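A.B. asks: Here you go, one structure.
Just so it is clear, none of the values below were taken in a lab; they were calculated from the coordinates. Note that the structure is predicted; figures quoted are calculated from it, not measured. Counting neighbours? That spans all protein chains shown, and the Cβs are built from the backbone with ideal geometry, glycine included.
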Amino acid sequence: METIQLNTTQNVSLEFPVASVADRILAYALDLIIMSVYALAIVLTFVVWLQMDPDIMLFLFLLPLPFYHFLFELLFQGQSPGKKMMKIKVFKADGSQLTPGSCFVRWIFRLFDITATSGALATIFIIVNGKGQRLGDIAAGTTILKTSRKHTFQQTLWTEVEDNYEPRFPEAEVLSDQDVQLIQEVIHTTTSNDRPDTYVQLLTNTREAIEKKTNTMAQQSDIEYLQTMVKDYNACHRG
């Protein structure tokens, strides 16, 4: 399986598996089924059952369908329902946050490399490119990656905190959700990866970034420090 190294905003490099052509085709097929069911439900409800003017009803309620992929990827962080079911997601290829502009460019190019060619052009680009990118992804600077594997940003933010626990680092409050997701991902990667030579540098880079952001230091190992930061973040934000 092809993989991509993404540099996070904390300058830590993580490896992600690229979504296969089959994953993307199945996701597209699932989205197409969802759109078809929606359109059929609109017709049956408003035209057949309620006997409303078909021209007006179809225009109003079917208008969102052409914008289906753009809206879902914009509002749900790079995932349409089909992509979510196939556990794949749109990412910026440089590791930065997915932007509305990127979603719009992908959507516009969909007309050329998917709709106009029945997906043939997109498939060719994905296979030849090797980075999970169709023409629209290249233009938008995005790619589609698997989110079901261990190297993802989907690790939970939360960890159990005792009721009487007092944060060792109250400065953890300044961390963002994305910071904590990154820490969790690094911890998960370095405790389950088969390449121990990558452990030390990955942990050290992450620790240095978090120390700089929180202005903290401690006589702890890198992994203990990062685990403490996650726990303290949760303690600072518990209800």
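A.B. asks: Using the Cβ atoms and a cut-off under 10 Å, what net charge is assigned to the surroundings of Glu73, where Lys and Arg are +1 and Asp and Glu are -1?
C.D. replies: The answer is +3.
A.B. asks: Given labels modelled 7 Å from the Cα in the Cβ direction, how far is it in nm from Gln77 to Gln219?
C.D. replies: 3.8
A.B. asks: For all pairs of alpha-carbon atoms in the stretch 25-148, what percent lies in each bin of width 10 Å, listed from the first bin to the last filled one?
C.D. replies: So the P(r) values, bin by bin, are 13, 40, 29, 13, 4, 0.
A.B. asks: Taking just the alpha-carbon atoms of the stretch 80-152, what radius of gyration and Dmax come out, in angstrom?
C.D. replies: Just the Cα atoms of the stretch 80-152 yield Rg and Dmax of 11.9, 36 Å.
A.B. asks: Residue by residue through the stretch 96-106, what is 3J(HN,Hα) from phi via Karplus (6.51 cos²θ - 1.76 cosθ + 1.60, θ = phi - 60°)? Round to whole Hz and write x for glycine and proline.
C.D. replies: My calculation for the stretch 96-106 gives 7, 5, 5, 10, x, x, 5, 4, 5, 4, 4 Hz in order.
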